[in-house]
1. For segment 11-22, what does the Karplus curve 6.51 cos²θ - 1.76 cosθ + 1.60, with θ = phi - 60°, yield as ³J(HN,Hα) per residue in whole Hz, taken in order and with x for Gly and Pro?
2. Where the convex hull is taken over the Cα atoms of segment 3-92, what is its projected area averaged over directions, in nm²?
3. Charges on Cβ only, +1 for Lys and Arg, -1 for Asp and Glu, centred on the Cα centroid of the chain; of Ala3, Ser62, Ile131, which one is farthest towards the dipole's positive end?
4. Quick query: amide H of Gly125 versus all other amide H atoms, modeled in the peptide plane; which residues come in under 5 Å with a sequence gap of 5 or more or a different chain?
5. Treat each spin label as a single point 7 Å out from the Cα along the C-beta direction, and report the Glu324 to Arg235 distance in nm.
6. Only helical DSSP H runs with n ≥ 4 go in: add -39500 (n - 2.57) per run for the chain, normalise by residue count and round the 222 nm mean residue ellipticity to 500 deg cm²/dmol.
7. Points 7 angstrom from Cα along the Cβ direction at Asp54 and Val377: gap in nanometres?
8. Accessible area of Phe204, 1.4 Å probe, to the nearest 10 Å²?
Amino acid sequence: MKALVVLGAADGALSTYRIAAEMGYRTIAVDRSAAAPGVAVADEYLPLSTRDADGILRALASRGDLAGVIAPCSDIALPTLLQLTRALGLPVHLSETAVRASVDKTVLRGMLDRLGVSSYRWIEGHDPREIASRARGLRFPLVVKPADAQGGRGVTRCESPEQVPAAAQAAKERAYGGGIMVEEEIRGTHCGCECIIEGGRVVFMAMTRRTLSPPPLTLTTAHAMPTGLPPKVERACRRLVNRVCGLLGYRRGPLNLDLVITPGGEPYLIELGVRTGGNGIDDLTRICHGVDPVRAAVRAAVGEPFELRPHEPRPVMWQVLAAEQAGRLVSVSGVERARALPGVAELVILARPGQQARPYGEVSDKLGWVVLRGDSVAALDAASEAVARTLRFTVASHVLH
Ligand SMILES: Nc1ncnc2c1ncn2[C@@H]1O[C@H](COP(=O)(O)OP(=O)(O)O)[C@@H](O)[C@H]1O
Ligand SMILES: [Mg+2]
């Protein structure tokens, strides 16, 4: 049996372990945390950081059973993915440029500016005070973010110059390399975009309409698919992604992007990663279009052909479940009743009574998620309201000292 090396074992990677096993591969989980959920479902475990390419190489170099390497939902592991596939002679689908543009947002922005595509004003720096002073020259509102983090960590929307120093400090604390970016905000509809690339072009694209948490945060609290955007807007997005693939020299595999569509229908690329997306986007894409991007990503990793047979889109939505107030989680009730509601395709509870809970301010505050399906957007909304009425996270807000 051939083995697939999976870089990262966080909950976003679970579907990759499951699908690789269904496709007949042994899975080797690489994660520095033995408690990461993917470790329990993998066939083997390497307790190493996904950034420790040399260590992973030493552990695997003598094996003759490796089919490929994959880094689900994680930009941070992409340099390791590139190094391992090259050194081990496994199917390589990443270019150096594609990796750099995924990991470091300043690299992507610089490339897009040179091309004159999706270009808007932005600055970068390492000193929060200095960057806050330069940010006064930009048009507010601004988005302040780490140059190289993900999952909305350290990303803050600033309405006025007074908010920028604290936001820049928060971004710096979350940045792996200490780099801070300040960008002018593009106003419009926030979208996610999950693509499969073959021959340097989009062969499949699924867009979601994202709901964001209230300002100053920019966390995604829901994804709805299809977007309801006019077909010509989705065609413009596809043209943009094709150009970007050319720019990156990216030939084959998964590609996840964040876009903002202006009221005039022009797409702006905010960021990308040459990997599958998280936040249940794989489930949504499978239910909505009948194409599983995780399966396609595994096929790319092992060098097999894609099998893409999309059907007509079926409305589906992913929603974060989180506590309404901070405190110790006493109980989670109504789970089975909520699961049985019409329109509930999947309900995952990550929360354990006794843990600390708080309103959604970080991806790690997620207590679970629900996937809803229906014949129309109205049916999805009705299902969402029914879940909210049925499911209860009870929190004890009085902490005893
Ligand atoms: N310049 C911008 N204009 C409008 N929205 C933005 C901008 N930058 C970021 N955002 C919003 O914030 C979200 C998080 O920022 P992003 O750069 O994607 O960071 P992360 O890598 O943490 O996801 C984006 O998906 C988008 O919704
Ligand atoms: Mg993002």
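1. Values per residue, Gly and Pro as x: 4, x, 8, 4, 5, 5, 4, 5, 6, 4, 5, 4 Hz.
2. 4.9 nm²
3. Value computed over the given set: Ile131.
4. Amide H to amide H, under 5 Å and 5 or more residues apart or across chains, Gly125 pairs with Ile180.
5. 4.6 nm
6. Calculated at 222 nm, the ellipticity per residue is -9000 deg cm²/dmol.
7. Rounded to a tenth, the inter-label distance reads 5.3 nm.
8. 10 Å²
The values are calculated or read from the model by the stated rules, or taken from the named source; none is laboratory data. Predicted, not measured: the structure shown is a model, and the values here were computed from it. In this analysis, Cβ positions are derived from the backbone assuming ideal geometry, glycine residues included, and neighbour counts consider all displayed protein chains. All accessible areas refer to the heavy atoms of the entire protein, side chains included, with ligands and DNA or RNA removed. Shrake-Rupley method; radii C 1.70, N 1.55, O 1.52, S 1.80 Å.
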